[in-house]
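Read through the structure below, which is laid out as structure tokens, and then see the notes.
The values are calculated or read from the model by the stated rules, or taken from the named source; none is laboratory data. These numbers were taken from a predicted model, which means no experiment stands behind them. Here the Cβ positions follow ideal geometry from the backbone for every residue, glycine too, while neighbour counts run over all protein chains shown.
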């Protein structure tokens, strides 16, 4: 090549530069711009849709319904709050709902702990994958299919009545707790299994070397380290149970939970339904605050 002869570009004349490369070069030194583009749409969705819906719910709780026209009156009133606080039926249903949610959470935790322990610590790697798929498989089935399957089980002439000679709980509170515990169980097993996966296996050997038996190791070593994962799973089971009304309507018989009251009042008295809906909302917020101190939110 002769001196002074420059290198010629192989790109066709008039071609445009790569836009993607230009965008990458523009955003490369601008960390805040990248974060804004990444988090902007989800944050807008959260603020406008989710928090906006909660704000609308809180606002409508102060409205009332005209007794003659059944139309919603957009005037400020605390009558709905007085009704919810003064009538014992709402307190009874609220307490029952909280107890059912806690019962479902405890049952799922007790069942999930040994299952997750076996999946993570004892099972071989090839069986571990199979067990994870087996735990997730019920999530692929329809919610209504699972609920109606338990309705068949608890039917007076169903399989449970045939096996027990007619001594079975039937539809009611017990059937509701069992059904909800079954439906939400995978949401407890998976976080607990993830917690066991983070647990160093050397801790079991160290505990055995120090003379710790199986129960002592579980109580003093394993349980404290896995408890944040259990608390993370409890957030799912507790909150999902508080908002469930379909399973209660299928297997609950005459049992009423807070979500059923809200569902019934939506068509009759929407502002009152909004006021009642604040009860599970406040309960979930308080539960999240309590679980935050356990480190559960880092495991969700």
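Quick notes on this structure:
- Neighbours by Cβ (under 7 Å, 6+ apart or cross-chain): first from segment 101-127, without any contact (Cβ under 8 Å) to a residue 40 or more places away in the chain; second outside any loop (DSSP other than H, G, I, E, B) and surrounded by 15 or more Cβ atoms within 10 Å (Cβ to Cβ): 123/131
- Residues of segment 143-161 satisfying the condition of being in contact with a helix residue (DSSP H, G or I) (Cβ under 9 Å, 6 or more places away or on another chain) and outside any helix (DSSP H, G or I): 155, 158
- Set 255, 241, 218, 275: member being part of a loop (DSSP other than H, G, I, E, B) and in the same structural domain as residue 183 (by TED's automatic domain parsing): 255
- Test for residue 152: is it over 27 Å from residue 235 (Cα atoms) and modelled with pLDDT of 85 or more: yes
- Residue within segment 162-172 that is at negative phi, surrounded by 14 or more Cβ atoms within 10 Å (Cβ to Cβ), assigned to a helix (DSSP H, G or I) and modelled with pLDDT under 95 present: no
- Screening 249, 233, 253 for residues that are closer than 17 Å to residue 180 by Cβ and without any contact (Cβ under 8 Å) to a residue 40 or more places away in the chain leaves exactly one candidate, 249.
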